[in-house]
1. In whole angstrom, note down how far apart the Cα centers of the stretch A:266-286 and the stretch B:38-83 are.
2. Would you mind getting me the FRET efficiency between residue B:183 and residue B:80? Use the beta-carbon distance for r and R0 = 45 Å, nearest 0.05.
3. Sticking with the crude label model, points 7 Å out along Cα→Cβ, report the distance from residue A:138 to residue A:175 in nm, one decimal please.
4. Compute the FRET efficiency between residue B:69 and residue A:103 as 1/(1 + (r/R0)^6), taking r as their Cβ-Cβ distance and R0 = 45 Å, and round to the nearest 0.05.
5. Could you work out the equivalent-ellipsoid semi-axes for the stretch A:87-193, taking the square root of 5 times each eigenvalue of the Cα gyration tensor, largest first, in whole Å?
6. Assigning unit charges at the beta carbon (Lys, Arg +1; Asp, Glu -1) and nothing else, what dipole magnitude in debye, to the nearest 20, does the stretch A:87-193 show about its Cα centre?
7. When a footprinting reagent is the concern and you count Cβ atoms within 10 Å, what order do A:53, A:279, A:23 take, fewest first?
8. R0 = 22 Å: FRET efficiency of residue A:186 with residue A:253, Cβ-based, nearest 0.05?
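Please treat every number below as a calculation from the coordinates, not as lab data. Bear in mind that the values here come from a model prediction, so they are computed numbers and not experimental data. Here Cβ is always computed from backbone atoms with ideal geometry, including for glycine, and neighbour counts include all displayed protein chains.
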Amino acid sequence: MNTKHTKHTEPEWPIEPLSNAAWKRIEQRVFEQVSASAPAPETTPWLRRRFVWGTLAACSLAACLVLFSWSTGAPFASQPAAPLKRHYAAIGSAQQLDLPGVTVQLEAQSELAVVSHGVYRLARGAARFEVVHRGPHDPLAVLAGDVRVEVVGTVFKITCVANTARVETYEGTVRVVQAGQGTLIRAGEHWDLVELADAETTATDPTRAPSPQAEAGGTSSLPAFHATPARSPDLNLNLKARVSEHQRRRFELAAACEKRDPERALRIYEALSREPGPWAGNGLFALGRLELEHKRPLAAARDLRRYLERYPAGANAVDAQTLLSRLIPDGSPDALAH
Amino acid sequence: MELTPPSPSLTQLDDQSLARRCAAGERAAQQAFFERERTQVHRTLYRVLGSNRNMEDLLQETFIEAFGSIHAFRGDSSLRTWIDTIAARVVYRHLARRALKLAPVSCLDEHSAPHSDLEMQTDARRALQQLYAMLDRVEPKYRIAYTLHVVDGRPLKEVAQITGTSVMAVKNRIWRARHLVHERAARDPLLRDFVTAVRPVP
């Protein structure tokens, strides 16, 4: 396109003029309207200045209050007008609770109690907490049994069913304190406390690893978990199924990255082998096999032997025995060391 | 309502003073402003619309809006360009509200001045009528830029000021409108002659 200004080769196209009567009409209507909407008397300058300074002062005050509330972790602006209840229960369906500094999604069949300011106790069920940022010296705490979860501003979920507890962190970091020991759980991670004795599950799942309690000779290294027993067995089964599903995914992830990133695969297998759950046996065997493939005979022998000790009739017992016999032809561990 | 003609001294006021006195509510100054700018505003609106249909309403709306916001006139441009900006806004709203139908020739003749060459005028008018009928299918912002620049011959910079955009944007709008017009004119001999009469300066 030529962007230069254009000219016309013929005389300018005429504009049809308006009649005098039309102009009179327009003028009359315009000035009638202008008279009807005459502006209010102008405010005097000093009054305007006062208004401007007053507005500025109000804005500054509001900003200071917001900053103060943010730094002290006491967001008074979000305080509900209604008095705080001491106990919340979602019986039939999930509930959303807007409590001071935290929004709680209380799932069905769950109970939450307010212990004190900023301290809640999940009696049973599951709840997701969205905590607004608080001061570092004033963390919000959620108790579940003897587990204490401390946060200063994050999103996490805590599930407390039967004798199990799980803390899942979606944003930020939470600190889980149990038996005097603190663990930081970052976004995307979770922390489980699973009750060890479950005869039914052990009998039906041959790959399920014996608990660390059994491994340690019958005495539990984990303190007892005193949560209110669940009234619905479905929730208990649901949690176990979710743990199993999560472990299966991790196992598949490790299997997928064995060639590309063997160190990562080893780490996942090792973690799985230490966890109670149905995938511990598979994780332990895979750990030994992968160590053997990567020329780590000592570690491979140790882990394969552990597998055979734990799961003598496990699905991979024959393979573990075969691999171990390749490693130690004469059956003496000392031979391997040399 | 009896309206008196503005005094000669008011018509010679500079833009800033006139705007200040209009903003203060001085009726004589407002009348002087109306008298001074009405022809220009009518021209702007007419060029965009192509007829006097709805013209009274649009002129009225433009001046009411101008008197309502004249206190905000800072003198960055002339008062004439400033009110043209308002007129462009008003006509844009009008075009966007509904598809305009051009008035028939008989309507156009209602207030027309006598012509010396009737045949030439009739041809030109028919061509213009077809041009504006075609512009009815063009987006209002393209139409405004095209008519003000191509039909009314205003510089790009002025069109950019009136429409509140950059010169590049105005060029782009004109190009789009012109593309559509030329496409259509290729099939219409009368319009083709009319459109080719507008030639770019080398």
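1. Each part reduced to its Cα centre gives a spacing of 80 Å.
2. E(calc), rounded to 0.05, equals 0.85.
3. Each label point is offset 7 Å from its Cα along the Cβ direction, giving 1.7 nm.
4. 0.45
5. 19, 16, 13
6. 100 debye
7. A:53, A:23, A:279
8. On the way: r = 18 Å, r/R0 = 0.82.
For R0 = 22 Å, the calculated efficiency reads 0.75.
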